[in-house]
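Engineer: Pasting a structure below so you can have a look.
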Amino acid sequence: MADFDPLPVDLSKFVPEGGERPTEFPDAAPAAGFCSNQSFGGPFIPERPETEVPPTKAALDLSKRWRDGAKLQVVFLNGTDVWGATIRQAVRNLAPTWSDYANVTFDFDQPTAHVTINLLPQPGVPIGTYNCWMGVDCLQAVRQGRQSMNLVFNPALANDPNRLQEEFRRVILHEFGHCLGFIHEHMRPDGPIVWDEAALNRTFGVPPNSWTPQMIRQQIVDAYRGGPLSSSAFDLKSIMMYQFPPGLARYEDGRPFDTPNNTVLTPMDKVMANVAYPAEGAGELAEALLKVDGPSKAGEIAEPGQVARYRFTIDTPGVHVVKTEGATPLLLSIQRERDEADGRLFAVEGTNLAQPVRFTEARDYYVAVRHAKPMRGVGAFKVSVERA
């Protein structure tokens, strides 16, 4: 990981000649825009060949993480009219959602920046452009006098307030996921997706994306290559998974593939954020043993950031149920490996949970229990495992 000081920003470079003009609001409702981060995690801008660089090695590239506990200064480069103020406020409201789960906070409107956000159309950055450099690469963009993130929302969204808020959630949470080091879920090399490139070209080769076949491969088809993943189980509803309609792909076993319009963080998104940026100085709780069909174990998260860990042994493969009891809202993750992120089988959230899991091997498995907002909450609970 790297720890960098914020840098001063020259705002004048990002204001159109003659100053910003009041935004015009067209009547037509725009189609949903697709994030233009490519397979190495950063944005691809055709007019800037230097943005095409070798791919990284992981779904969550740990080398791109900020320092744990970092306070990231975020500067808006432009957007001073009413529309710009609307986008700015949405960012201030939504980006800190990640801070409930990751030990990272955001500080807006400072004179120096770790992350710079462009809100206006620029050369090579038309309306509907959403992308962000991954993790600490955001600061490299600032160092080069460029925007780290593009949030160029279509003003026509203002005609539908409900749709506007949905798009704000979908895009802003997604791009700040990239800012923290998360890649696109659909580009994981272990993802079970077989793409129909002809269908992709028909869908994304027209507005609002208007991508060439090469860009479609870079934005959708090409997977991460290289070293081992640092990731959870494949998460169809992850905020890092964009919406794909039916007919563009299938699963490896032949089932049709499509994804919903994901606008919130999933339990696995939250767990992975906490794994990447755990609380500093939280008291470590000793791992406890659970016995299948044995009595439930009482546990307590006594201070924010603690994680309660359990181990149990499956002697006979089959469906078992991992349960929690109590009023404390929890994040429960079930893992094949104690410490490896890609060993996570499931993550669920709530109170009095009952998560069925089909265990296919006789071996040890692990449970991690976090408060539903790990960086904020505390509380008591009970946990148990039983045969279904």
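Engineer: Give, as residue ranges, the strands (runs of 3 or more DSSP E) completely inside region 124-204 that count at least 1 residues that are in contact with a helix residue (DSSP H, G or I) (Cβ under 9 Å, 6 or more places away or on another chain) and among the aliphatic types (A, V, I, L, M).
Structural biologist: 149-151, 193-195
Engineer: Do the conditions hold for residue 291, that is, is it at pLDDT 95 or above and over 17 Å from residue 353 (Cβ atoms)?
Structural biologist: Details: at pLDDT 95 or above: yes; over 17 Å from residue 353 (Cβ atoms): yes.
Yes; evaluated as a whole, the condition is true for this residue.
Residues checked against (1) under 27 Å from the mean Cα position of the chain (by Cα); (2) over 19 Å from residue 266 (Cα atoms); (3) not small (Gly, Ala, Ser):
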{"position": "311", "(1), (2), (3)": "no, yes, yes"}
{"position": "325", "(1), (2), (3)": "no, yes, yes"}
{"position": "338", "(1), (2), (3)": "yes, yes, yes"}
{"position": "347", "(1), (2), (3)": "yes, no, no"}
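Engineer: While we're here: For residue 367, indicate whether it is buried (at least 20 other Cβ atoms within 10 Å of the Cβ), in a strand (DSSP E or B) and of a type in the set (A, V, I, L, M).
Structural biologist: Yes; evaluated as a whole, the condition is true for this residue.
Engineer: Quickly run through region 199-220 and pick out the residues that are crowded, with 17+ Cβ neighbours inside 10 Å and either at pLDDT 80 or above or not β-branched (Val, Ile, Thr) (or both).
Structural biologist: Hits for region 199-220 are 200, 203, 204, 209, 211, 215, 216, 217, 218, 219.
Engineer: Another one. Among the residues of region 321-340, which ones are out of contact with any Gly (no Cβ under 8 Å at 6 or more places or on another chain) and either buried (at least 22 other Cβ atoms within 10 Å of the Cβ) or more than 30 Å from residue 69 (Cα to Cα) (or both)? Break it down into steps so the answer makes sense when it comes.
Structural biologist: Within region 321-340, the first condition is being out of contact with any Gly (no Cβ under 8 Å at 6 or more places or on another chain), and the residues that meet it are 321-325, 331-334, 338-340.
Those that are out of contact with any Gly (no Cβ under 8 Å at 6 or more places or on another chain) and either buried (at least 22 other Cβ atoms within 10 Å of the Cβ) or more than 30 Å from residue 69 (Cα to Cα) (or both): 321, 322, 323, 324, 325, 331, 332, 333, 334.
Engineer: When only residues in region 258-288 that are over 13 Å from the mean Cα position of the chain (by Cα) and of a type in the set (D, E, K, R) count, which is modelled with the lowest pLDDT?
Structural biologist: Step by step, filter region 258-288, then rank; the result is 284.
Engineer: Also: I need every pair where a residue in region 192-219 that is more than 16 Å from residue 125 (Cα to Cα) and among the β-branched types (Val, Ile, Thr) has its Cβ under 8 Å from the Cβ of a residue that is open to solvent by 60 Å² or more (accessible area, probe 1.4 Å) and part of a helix (DSSP H, G or I), sequence separation at least 6 or different chains.
Structural biologist: As it stands, the answer is 216/197, since those pairs meet every condition given.
Engineer: Please specify each residue of region 221-251 satisfying the condition of being polar (S, T, N, Q) and either modelled with pLDDT of 80 or more or surrounded by 14 or more Cβ atoms within 10 Å (Cβ to Cβ) (or both). So that I can check it myself, show each step before the final result.
Structural biologist: First, the residues of region 221-251 that are polar (S, T, N, Q): 230-232, 238, 243.
Within region 221-251, 230, 231, 232, 238 meet the criteria.
Engineer: Tell me which residues, restricted to region 257-310, are open to solvent by 50 Å² or more (accessible area, probe 1.4 Å), part of a loop (DSSP other than H, G, I, E, B) and of a type in the set (Gly, Ala, Ser).
Structural biologist: 281, 286, 302 - these are the residues of region 257-310 that are open to solvent by 50 Å² or more (accessible area, probe 1.4 Å), part of a loop (DSSP other than H, G, I, E, B) and of a type in the set (Gly, Ala, Ser).
Engineer: Considering only residues that are surrounded by fewer than 18 Cβ atoms within 10 Å (Cβ to Cβ) and either free of Cβ contacts under 8 Å to residues at least 40 places away in the same chain or closer than 12 Å to residue 320 by Cβ (or both), which ones fall in region 370-388?
Structural biologist: Answer for region 370-388, where residues must be surrounded by fewer than 18 Cβ atoms within 10 Å (Cβ to Cβ) and either free of Cβ contacts under 8 Å to residues at least 40 places away in the same chain or closer than 12 Å to residue 320 by Cβ (or both): 386, 387, 388.
Engineer: So in region 68-110, with the set limited to residues that are closer than 22 Å to residue 267 by Cβ and in a helix (DSSP H, G or I), which one is nearest to the chain's Cα centre (by Cα)?
Structural biologist: The selected residue is 98.
Engineer: Which of the numbered conditions does residue 352 fail, given that it passes all the others? Conditions: (1) at pLDDT below 95; (2) surrounded by fewer than 17 Cβ atoms within 10 Å (Cβ to Cβ); (3) in a loop (DSSP other than H, G, I, E, B).
Structural biologist: (1)
The values are calculated or read from the model by the stated rules, or taken from the named source; none is laboratory data. Bear in mind the structure is a predicted one, so any value in this text is a computation, not a measurement. Heads up, the Cβs are rebuilt from the backbone with ideal geometry, glycines too, and the neighbour counts pull from every protein chain shown. Side chains included, ligands, DNA and RNA excluded: accessible areas come from the protein's heavy atoms. Shrake-Rupley method; radii C 1.70, N 1.55, O 1.52, S 1.80 Å.
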